[in-house]
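A short worksheet on the structure shown next.
The values are calculated or read from the model by the stated rules, or taken from the named source; none is laboratory data. Computed from a predicted structure; not experimentally measured. Heads up, the Cβs are rebuilt from the backbone with ideal geometry, glycines too, and the neighbour counts pull from every protein chain shown.
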Amino acid sequence: MMCRIDKVIQETPDIRTYRLKFKEEGMMERFNWLPGQFVEFSLLGSGECTFCIASSSTRKESFDCSIKRAGVVTADIHTGLDEGDEVGIRGPYGNWFPLEDLKGKNLLFVGGGIGLAPLRSLIQYCIDNRKDYKDFTILYGARTSADLCYKDEIADWRKDPSLKVILTIDKPEETWKENVGVVPKILEEVVKPVVANTKVITCGPPIMIKYTLLSLDKLGFAPKDVITTLEMKMQCGLGKCGRCNIGSTYVCKDGPVFTYEQLKKLPDEF
Ligand SMILES: Cc1cc2nc3c(=O)[nH]c(=O)nc-3n(C[C@H](O)[C@H](O)[C@H](O)COP(=O)(O)OP(=O)(O)OC[C@H]3O[C@@H](n4cnc5c(N)ncnc54)[C@H](O)[C@@H]3O)c2cc1C
Ligand code: FES
């Protein structure tokens, strides 16, 4: 299905958010997704890439994909696509965050870099259903302050006294007055989360995820209460091509959202 790019937001030097609307009349109303799902995004003449839907269907006039320049196709997207241009979209695919399990719980979001994109969809969804959730904490980090995404939206979240937002960057900067240190360190030393009745939802670069999972273990979180989303290489998005499997698990179909408990049971190749 063809979409028109309604808006482009330059989030960081290498991440752009594309706000999309279907060309076909009424399609936006019929396009239903849940936080955690992804689309296949095709740029004619270049190729197709997988991106999560970075916004919530509770705000349905359009939907967002936040795209980090990583290689051939994403570079073509950054240089070749602007407001008013058209792209092909397939989806939504994959599973979603366990919305029912999160109800009545404290929520702790732990994100790094572009990993805030799938969390943002869930954060928006939970903000729009705020009464269903208890304490709400967002820990978000990036290498530098320039690499933090969604700065305007984070400023809005901070105006809401029912949301706690903690930011961190890896190294000191002259004008930076907030936390300095990698996400797992700030999680243990600054956030010090309450474990009882809390679900943790995390996404970020593999190294951040690895050490965040270790920190959460140390803090006493049970693996069933920690949820993450994987970014294996994909092609069909439908469980047909075998590109994304880990043993008999297809990340595109059985995931991309998994609990840490489920991840621990996957073969070592992961
Ligand atoms: C479910 C899912 C959701 C995703 N959501 C987002 C998102 O919201 N925003 C975003 O910017 N990216 C996201 N990605 C990653 C994105 O699909 C890849 O960065 C993109 O396909 C790279 O395409 P390319 O042609 O530019 O890079 P290539 O030229 O194919 O590769 C460039 C480099 O990126 C690596 N790479 C390629 N594909 C992936 C991948 N899937 N995961 C990790 N590394 C990869 C390659 O190994 C290589 O080192 C997601 C991936 C999945 C599977
Ligand atoms: S992407 Fe084809 S099987 Fe998962």
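Could you please give the count of residues in the stretch 131-162 that are assigned to a loop (DSSP other than H, G, I, E, B) and within 19 Å of ALA54 (Cβ to Cβ)? Full working, then the answer.
The initial filter retains those residues of the stretch 131-162 that are assigned to a loop (DSSP other than H, G, I, E, B), namely 133-135, 143-144, 148-150, 160-162.
Now restrict to residues that are within 19 Å of ALA54 (Cβ to Cβ): 148-150.
Qualifying residue count, the stretch 131-162: 3.
Name the residues in the stretch 149-164 that are touching a Ser or Thr at 6+ places or on another chain (Cβ under 9 Å) and either buried (at least 16 other Cβ atoms within 10 Å of the Cβ) or farther than 19 Å from GLY112 by Cβ (or both), would you?
CYS149, TYR150, LEU163
Would you say THR175 is more than 26 Å from CYS126 (Cβ to Cβ), of a type in the set (Ser, Thr, Tyr), modelled with pLDDT of 95 or more and assigned by TED's automatic domain parsing to the domain that holds GLY113? Outline the logic, then answer.
Values: more than 26 Å from CYS126 (Cβ to Cβ): yes; of a type in the set (Ser, Thr, Tyr): yes; modelled with pLDDT of 95 or more: yes; assigned by TED's automatic domain parsing to the domain that holds GLY113: yes.
When the stated conditions are applied, THR175 passes them.
What is the one condition in (1) farther than 24 Å from LYS134 by Cβ; (2) within 9 Å of ligand 1 (Cβ to nearest atom); (3) surrounded by 20 or more Cβ atoms within 10 Å (Cβ to Cβ) that ALA75 does not satisfy?
(3)
Based on this model, can you work out whether LEU34 counts as part of a strand (DSSP E or B) and more than 16 Å from ligand 2 (Cβ to nearest atom)?
Values: part of a strand (DSSP E or B): no; more than 16 Å from ligand 2 (Cβ to nearest atom): yes.
No.
Among what's in the stretch 60-72 and is among the basic types (Lys, Arg) and either at pLDDT 95 or above or more than 23 Å from GLU24 (Cβ to Cβ) (or both), pick the residue that is farthest from ligand 1 (Cβ to nearest atom).
Filtering the stretch 60-72 down to residues among the basic types (Lys, Arg) leaves 60, 68-69.
Okay, now just the ones that are also either at pLDDT 95 or above or more than 23 Å from GLU24 (Cβ to Cβ) (or both), so 68-69.
On the way: LYS68: 4, ARG69: 7 Å.
Here the answer is ARG69.
Which one of VAL165, VAL200, VAL190, VAL194 is more than 16 Å from ligand 2 (Cβ to nearest atom), in a loop (DSSP other than H, G, I, E, B), of a type outside the set (Asp, Glu) and outside the structural domain of PHE38 (by TED's automatic domain parsing)?
Working: VAL165 fails: in a loop (DSSP other than H, G, I, E, B); VAL200 fails: in a loop (DSSP other than H, G, I, E, B); VAL190 fails: in a loop (DSSP other than H, G, I, E, B).
Checking each option against the conditions leaves just VAL194.
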